[in-house]
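Laboratory data are not the source of any read-out in this text; all were calculated from the coordinates shown. Here the structure is a predicted model, which means the values were calculated and not measured. Neighbour counts run over all protein chains shown; Cβ positions are idealised from the backbone, glycine included.
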Amino acid sequence: MPVIHPSAIVEAGARIAEDVEIGPFCYVGPDVEIGAGSKLMAHCYITGHTTMGKGNTVYPFTTLGTDAEDHNVEGGITYLRIGDGNTFRESVTVNTGTKPESETVIGNNCFILANAHIAHNCVLGNKIVMVDYAGLSGYCQVGDNCLLSGHTGMHQFCRIGRFSVLSGGSVVSLDVPPFMIADGRNGAIRGINIVGLTRNNFSEETIHTIKNIYKVFFRSGLNTKNALEQMRNTLPAIPEVDEFIKFVEASHRGVLKSNKPGRRA
């Protein structure tokens, strides 16, 4: 049987795994599903059509599954899908999708620190860290192993590629390619995330190639088309090169590139 504090409210219809712990003054709505090994510490509010996987921990005053904070909410059923092993610290807020049958998705083993916000229709990968007061506007995409430092923000429809970093206080309205460090208000790509790559066992050869991606794309003075062509012709044909090229080519908002605010790649 789940361990549910007497002061908690779990609505009829909620699907709670046998070993879930629900602490004092929590609320769990009728369409919520919480997987095995999960724990709601106290004063948590879980509502909407929210599905949580296994081993999630939710700290006090966090709100998951509320309606999108958007004037264009159309009604109907929307979803929040949460994977396994995530931690939501104090006062985190995560919304469901805007349009009927749409969803917000969070992967596995993410660490979402106090007062962070994940808006409607965002898609987060795995092992993401969002530090205090980091915020994602609607429809953002965040790749695996990204770090969004404290007081950072992403404009709606922006993407940040795998293993990238937003430095503290940074705000972007352009896409941040994989493996890079972005700094400032649409400021610049400052270098590669060598610490993250090393800690995740990227080989020396791969890191060397990623350094060359940075030199060609961000420091050579070539425009986007010519920089990508040079990368294809001169860099080793490894998955990281292909990933970077495809990310840039798929960008709709433009890619953060130079020291000039707002300049598009």
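Extending 7 Å from the Cα toward the beta-carbon at both T198 and V3 defines two label points whose distance is 4.1 nm.
When each of T57, T62, T104 is scored by the number of other beta-carbon atoms lying within 10 Å, the sequence from fewest to most is T57, T62, T104. Pick out, in residue order, every one of the GluC sites (Glu not before Pro) in region 14-70 that is DSSP loop and has at most 13 other C-beta atoms within 10 Å; say none if there are none. Sparse-neighbourhood loop GluC sites (Glu not before Pro): E18.
Near T98, the amide H atoms lying under 5 Å from its own belong to N121; only residues 5 or more places off or on other chains count, and H is placed 1.01 Å from N.
From its DSSP helices (H runs of at least four residues, each -39,500 (n - 2.57)), the chain gives a residue-normalised ellipticity at 222 nm of -4500 deg cm²/dmol.
Between the Cα long axis of helix 204-214 and the first principal axis of the chain there is an angle of about 80°, rounded to the nearest 10. Computing FRET efficiency as 1/(1 + (r/R0)^6) for L222 and H151, where r is the C-beta to C-beta distance and R0 is 30 Å, gives about 0.35.
Each residue of region 45-58 was assigned a 3J(HN,Hα) from its phi angle through the Karplus expression (A = 6.51, B = -1.76, C = 1.60, θ = phi - 60°), giving 10, 10, 9, x, 8, 9, 10, 10, x, 8, x, 8, 10, 10 Hz with x at Gly and Pro.
Determine the relative contact order of the chain: mean sequence separation of Cα pairs under 8 Å and six or more apart, normalised by residue count, in whole percent. Result for the chain is 9 percent. Between amide H atoms placed 1.01 Å from N, distances below 5 Å from N126 occur with N108, D144, N145, all of them 5 or more places distant or on a separate chain. Just for the chain, what percent of DSSP beta bridges are antiparallel, to the closest 5? Around 10 percent antiparallel, to the nearest 5.
Between K215 and K99, the distance separating the two model label sites (each 7 Å from Cα on the Cα→Cβ line) works out to 4.5 nm. Counted by Cβ distance under 13 Å from L222, the other residues give a net charge of +4, where Lys and Arg count +1 and Asp and Glu count -1.
What the Cβ-Cβ distance of D19 and D67 gives, at R0 = 22 Å and to the nearest 0.05, is a FRET efficiency of 0.15.
Between the labelled values (1) -0.36, -1.45; (2) -0.42, -1.46; (3) -0.44, -1.19, the entry that holds log10 I(q)/I(0) by the Debye sum over Cα atoms at q = 0.09, 0.17 Å⁻¹ as derived from this structure is (3). Projected onto their three principal axes, the Cα atoms of region 3-139 cover extents of 38, 31, 20 Å, largest first. Relative intensity of region 75-155 on a log10 scale, I(q)/I(0) at q = 0.12, 0.22, 0.25 Å⁻¹, equals -0.28, -0.95, -1.21, per a Debye sum over C-alpha point scatterers of equal strength in the absence of solvent.
Per-residue Cβ neighbour counts within 10 Å put E240, E205 in the sequence E205, E240, beginning with the fewest. So which aspartates and glutamates can K54 reach, going by Cα to Cα under 15 Å and dropping same-chain residues fewer than 8 places off? Correct list for K54: E18, D19, E21, E33, D84.
Straight-distance candidates among the lysines for linking to K215, with alpha-carbon spacing under 20 Å and chain neighbours fewer than 8 residues away dropped: K225, K246, K257, K260.
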